[in-house]
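Read through the structure below, which is laid out as structure tokens, and then see the notes.
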Amino acid sequence: MIRFEQVGKRYPNGHVGLHELSFRVRRGEFLFVTGHSGAGKSTLLRLLLAMERPTSGKLLLAGQDLATITNAQIPFLRRQIGVVFQNHQLLFDRSVFNNVALPLQILGLAKVDIAKRVMSALERVSLADKAEHYPGDLSTGQQQRVGIARAVVHQPALLLADEPTGNLDPRLAAEIMGVFEDINRLGTSVLIASHDLALIARMRHRMLTLQRGRLIGDGEAS
Amino acid sequence: MSATRNSQPAERVGGSPNKPPKPVSDGPGFQQLLHAWVESHRTSLLDSLRRLLKQPIGSFFTCLVMAIALSLPMGLSLLLNNVERLGGSWQRAAQISLFLKLEASPAEAQRLRDEIAQMSDVAAADWISREQALDEFQQLSGLGEALKELPDNPLPSVILVTPEVVDKANLEALRLRLAEQPNVEQAQLDLVWVERLSAILKLGERFVFGLTLLLVSALLLVIGNTIRLHIENRRSEIEVIKLVGGTDSYVRRPFLYMGALYGVGAGLLAWLVLAFGLDWLNDAVVRLAGLYGSDFALGGVPSGDGLSLLLGALLLGYIGAWLAVARHLSELAPR
């Protein structure tokens, strides 16, 4: 699913975000990427989302080389990815339903299909009864679940999450992780960037550890 | 080391349990693509309309500013057309005055008038005898008593020739031909005023063209700035749209519709402003023309010109929005 081969990322100011990173992620795998602030977690996610390009090495996502992908191809690549942010990135002037429907509207699905898929996604995160509410009416945990519903509503092959439990209390964080595991059970690869080692340890999934842009650990969290 | 996998079947949103998900974007057929395209345009248009109506006063004033910028050159152009129409009718009334020799008899003058009237490029020819000329001059000049003291009538008889063709070259050719006729002392064609009017109209046209260029540029700036503000207000939304797979054209579309809608609104307002403005001016023009014995009246906004104005405004709105979005789209990469 994902192949990093000696991937490096050096910024114009000379800062090295990633240093010859190599690893693979299989289809349907669940893994964490951890490390301190500045370790390179966000850079790794930004490379996978084609928000930035590697400056060296080869980065393949579903067979597509992200170093050479054209700008016109990027939106179509992103349609195969779901992304969850720490700050949810919800649109507060749209209802929960319309927030979740956004990726499907971009795909141009018929209204009936959109309604069906959105309600299913909201049911999956236990928010079907909040469809007509606005994000501002919801708690932080509920907003995060709306973000997850939006990330999976178009059935992406890969789900990326950047510190998805960063603002949540431990009970809510565990609940959100449960939702990610549910999604993973259906075959979606899940890659979560987090520095919450206690939470990661409880989940017992594969964990990549980064330090100053280098991969210093790859194994099951314990 | 691999991840811990759980193969427990579970219900999936539109997917099959235990199978890797198949993205809904995989392999769309032509019909689906067409539907997506139509649906996207419909949604963008309605969304843009909704956003404009949500701020009716702001939208109205933007349209009004654009309408003023449109109606100034258009109004001047319509006025020039009217003046050209007026100038044309005067030009058609241009006449060549043939002053006959003093020794020419009335019979010879009448015969010459008949010959000239039969020329193909002459619409009419009228003879004014020496006596008629003197009477007219006495009445109009106020020198009646002084003229009575003269031993002889010094004025020649005149044939006034109304030409069929009114352009300058043809008139000059006709004048030369008439000047060669027997008993003709002098053939006079006064086209100076026509040339002056024509020069003024040309200057006016150039002025309108320059003004149009300036105001169109201003209009593009107004629409560009308005769309830029809309883009700024929706920056976070655009970033999210791009992150979930929205193409540049998907992002651009609602703003282009918004520009076109602003253009349509401005075009309609400009049409209204011109129609009412010309109607308002017309009363004064009719009164003034009446004082000169003319039934001249200003024409309104012809429907063809009105539709061109509307279409032009729509295109300008669209182009202004396109320029603004093209300039700012690259700055809207997700952060």
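The values are calculated or read from the model by the stated rules, or taken from the named source; none is laboratory data. The shown structure was predicted, so the numbers you read here are calculated from the model rather than taken from an experiment. Cβ sites come from the backbone with ideal geometry, for glycine too, and all protein chains shown count toward neighbours. Surface areas here come from the heavy atoms of the whole protein model, side chains and all, with no ligands, DNA or RNA. Shrake-Rupley method; radii C 1.70, N 1.55, O 1.52, S 1.80 Å.
Please go through the range A:114-130 and give me each residue that is within 14 Å of another protein chain (Cβ to nearest Cβ), open to solvent by 10 Å² or more (accessible area, probe 1.4 Å) and either touching a residue at least 40 places away in the same chain (Cβ under 8 Å) or touching a Leu at 6+ places or on another chain (Cβ under 8 Å) (or both), ordered by number. Residues satisfying the conditions are A:Ile114, A:Arg117, A:Arg124, A:Ala128.
A count restricted to the range B:269-278 and to residues that are out of contact with any Ser or Thr (no Cβ under 9 Å at 6 or more places or on another chain) and either crowded, with 17+ Cβ neighbours inside 10 Å or under 9 Å from B:Ala313 (Cα atoms) (or both) stands at 1. How many residues are closer than 12 Å to B:Ala313 by Cβ and either of a type in the set (Val, Ile, Thr) or open to solvent by 50 Å² or more (accessible area, probe 1.4 Å) (or both) when one looks only at the range B:209-221? Within the range B:209-221, residues that are closer than 12 Å to B:Ala313 by Cβ and either of a type in the set (Val, Ile, Thr) or open to solvent by 50 Å² or more (accessible area, probe 1.4 Å) (or both) number 1.
Examine the range B:73-86 for a residue that is out of contact with any His (no Cβ under 7 Å at 6 or more places or on another chain), farther than 24 Å from B:Val208 by Cβ and open to solvent by 60 Å² or more (accessible area, probe 1.4 Å), and state whether such a residue exists. No, the range B:73-86 has no match at all.
Answer yes or no: is there a residue in the range A:98-108 that is surrounded by fewer than 19 Cβ atoms within 10 Å (Cβ to Cβ), out of contact with any Leu (no Cβ under 6 Å at 6 or more places or on another chain), closer than 27 Å to B:Arg51 by Cα and hydrophobic (A, V, I, L, M, F, W, C). No, the conditions are met nowhere in the range A:98-108.
For the range A:172-184, filtering for residues that are of a type in the set (D, E, K, R) and farther than 17 Å from A:Leu127 by Cβ leaves 1. Note on the range B:193-236: residues that are of a type in the set (A, V, I, L, M), within 23 Å of the chain's Cα centre (by Cα) and within 30 Å of B:Ser48 (Cα to Cα) amount to 10.
Restricting B:Leu329, B:Leu315, B:Leu309 to residues that are in contact with a Leu (Cβ under 7 Å, 6 or more places away or on another chain) and surrounded by 14 or more Cβ atoms within 10 Å (Cβ to Cβ) narrows the list to B:Leu309. What is the residue count in the range A:7-37 for residues that are out of contact with any helix residue (DSSP H, G or I) (no Cβ under 6 Å at 6 or more places or on another chain) and under 12 Å from A:Arg214 (Cβ atoms)? Number of matching residues: 8.
Applying the set (1) surrounded by fewer than 18 Cβ atoms within 10 Å (Cβ to Cβ); (2) at pLDDT 90 or above; (3) over 30 Å from B:Ile128 (Cβ atoms) to B:Glu185 leaves exactly one unmet item: (3). Those residues that are closer than 21 Å to B:Leu80 by Cα and open to solvent by less than 50 Å² (accessible area, probe 1.4 Å), I need them from the range B:188-199; list them, please. Across the range B:188-199, the qualifying residues are B:Leu191, B:Val194, B:Leu197, B:Ser198. Restricting the range B:226-239 to residues that are crowded, with 17+ Cβ neighbours inside 10 Å and free of Cβ contacts under 8 Å to residues at least 40 places away in the same chain, the residue that is farthest from the other protein chains (Cβ to nearest Cβ) is B:Arg234. When the range A:68-96 is limited to residues that are open to solvent by 10 Å² or more (accessible area, probe 1.4 Å) and more than 20 Å from the chain's Cα centre (by Cα), the one that is farthest from the other protein chains (Cβ to nearest Cβ) turns out to be A:Thr68.
Identify the residue in the range B:287-332 that is among the hydrophobic types (A, V, I, L, M, F, W, C) and in contact with an Asp or Glu (Cβ under 8 Å, 6 or more places away or on another chain) and, among all such residues, is nearest to B:Ala270 (Cα to Cα). Quick ask: steps written out before the conclusion?
So in the range B:287-332, the residues among the hydrophobic types (A, V, I, L, M, F, W, C) come out as B:288-289, B:291, B:296-298, B:301, B:307, B:309-311, B:313-316, B:319, B:321-326, B:329, B:332.
Still in the list and also in contact with an Asp or Glu (Cβ under 8 Å, 6 or more places away or on another chain): B:289, B:329, B:332.
Details: B:Ala289: 27, B:Leu329: 31, B:Leu332: 34 Å.
Out of the qualifying residues, it is B:Ala289.
Taking the range B:161-178 only, how many residues are open to solvent by 40 Å² or more (accessible area, probe 1.4 Å) and over 38 Å from the mean Cα position of the chain (by Cα)? So the answer is 2.
Applying the criterion of at least 3 residues that are modelled with pLDDT of 90 or more and farther than 30 Å from A:Ala101 by Cα to the helices (runs of 4 or more DSSP H) found wholly in the range B:232-335 leaves B:248-291, B:303-329. Where helices (runs of 4 or more DSSP H) fall entirely within the range A:140-222, those with at least 3 residues that are of a type in the set (Asp, Glu) and either within 14 Å of chain B (Cβ to nearest Cβ) or buried (at least 17 other Cβ atoms within 10 Å of the Cβ) (or both) are at A:170-185. Among residues belonging to the range B:295-306 that are surrounded by fewer than 19 Cβ atoms within 10 Å (Cβ to Cβ) and touching a helix residue (DSSP H, G or I) at 6+ places or on another chain (Cβ under 8 Å), point out the one that is farthest from B:Thr226 (Cα to Cα). Out of the qualifying residues, it is B:Asp295. Summed over the range A:34-64, residues that are within 23 Å of B:Val240 (Cα to Cα) and either open to solvent by less than 30 Å² (accessible area, probe 1.4 Å) or not small (Gly, Ala, Ser) (or both) total 16. If the condition is being more than 12 Å from chain B (Cβ to nearest Cβ) and closer than 25 Å to A:Leu186 by Cβ, then the range A:49-65 contributes A:Leu60, A:Leu61, A:Gly63, A:Gln64.
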